[in-house]
Amino acid sequence: MPGVAADARLEEIFGAREVGVLSRKPSDIKEIERSVDVGDTRSPRLLVGLRLDPVAASPTPPAAAPAQPRRGFLRRNLPLAVIFMVLGAITVVGMEYYQLPQSGRVRHDYHAWLKPSGYLGQGAGVAALLMFLFMYLYPMRRRMRHRPWLGALPRWLDVHIACGLAVPVVGAIHAGWRFQGLIGLGFLSMVLVSLSGIVGKYLYAHLPHSRAGYDLNMEEVEQRRAALTAEIARKAGLDPAEVEKETAPASDIDERQGMLATLGTLFTADFVRFRTVLRLRRRWGKQCHLDRPALREITRLVRRQIRLTQQRRMIDATRRIFKFWHVVHRPFSITAFAAVVVHVVVVVTMGVTWFW
């Protein structure tokens, strides 16, 4: 049967992921194969231009996506942790030097290394400049969504955030932990950019995205949520209606609430999700007689399902506040970049370098 053969070929490429809503046209399958050959990691439904098979696109929830290994928190943040450990070691070793007034630093043994134009000090300045410039590549990468050979968007975002957090500290070592005049303005702008970036990351995490970093619409969110509900019910031996009831939110969201109220709702939802996952883990672990690996897998699925439910309820309010965050974040970023450019031009023009 052609349909069965098509399903087998699609599952060979993607496993069971989203096969239930794909078109069975041979041309579409060939298009998917070509995209896989060149490394395109987008959703197969996007690769075929959202062409759905009318028979396959039934109200029956699609099968849940197979579990894919995620990098742990420590492994994801190991490079950033190493950077901060190195910066912390430099700061501790040079603490005696950094505590001296400007007149006392000139006679210190570390002056040739730790002064802003010194070997280590100016090396930190160059590193800060390169990291600052790299941060501006991420917005460009987001505009080139259909260039998978450039790397996955989530990895770009991770590096963007790591650079944003590390730049103020690297810049502080370059400045010798002294911030005066234009240097002080640039450093303050960098700190504000980093702090606002933390807020932006928190808001971004509350918007639904695919593993490749693409925004999901309401239909895709609901499909994934229904698939997770069905998968939880199957593995726990429960009725899907019971799973839906246990993971349902307690109250509706007022879309007219302000930004501060929206942030408060997001914080509250995170706390409620944490408590709900713990409660269901204890209850279903006893009720369904699950072993530890099965309980761990169900807990992971429940956490994802509740997160998607919360994202679906708050998607409009979160996107509204995320747009406002962009308006606030951009001026700080431009101010910091302008201060850095002026500083670099002045230093290079005056020749205050050890390599120029």
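The values are calculated or read from the model by the stated rules, or taken from the named source; none is laboratory data. Since the model is a prediction, treat every value here as computed from it, not as a measurement. Heads up, the Cβs are rebuilt from the backbone with ideal geometry, glycines too, and the neighbour counts pull from every protein chain shown.
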Test: residue in the stretch 331-350 that is of a type in the set (Val, Ile, Thr), outside any helix (DSSP H, G or I) and closer than 30 Å to Cys163 by Cβ: no
Hey, Val193 surrounded by fewer than 17 Cβ atoms within 10 Å (Cβ to Cβ) and assigned by TED's automatic domain parsing to the domain that holds Arg142 or not: no
From Arg296, Arg281, Arg312, residue being surrounded by 14 or more Cβ atoms within 10 Å (Cβ to Cβ) and at pLDDT 85 or above: Arg281
The stretch 131-156 residues that are more than 22 Å from Val169 (Cα to Cα), paired with ones that are hydroxyl-bearing (Ser, Thr, Tyr) (beta carbon under 8 Å, 6 or more apart): Arg145/Tyr214; Pro148/Thr41; Ala152/Thr41; Leu153/Tyr214
Test for Leu228: is it in a helix (DSSP H, G or I) and surrounded by 14 or more Cβ atoms within 10 Å (Cβ to Cβ): yes
Number of positions in the stretch 123-139 that are within 23 Å of Gln102 (Cβ to Cβ) and either modelled with pLDDT under 85 or aliphatic (A, V, I, L, M) (or both): 3
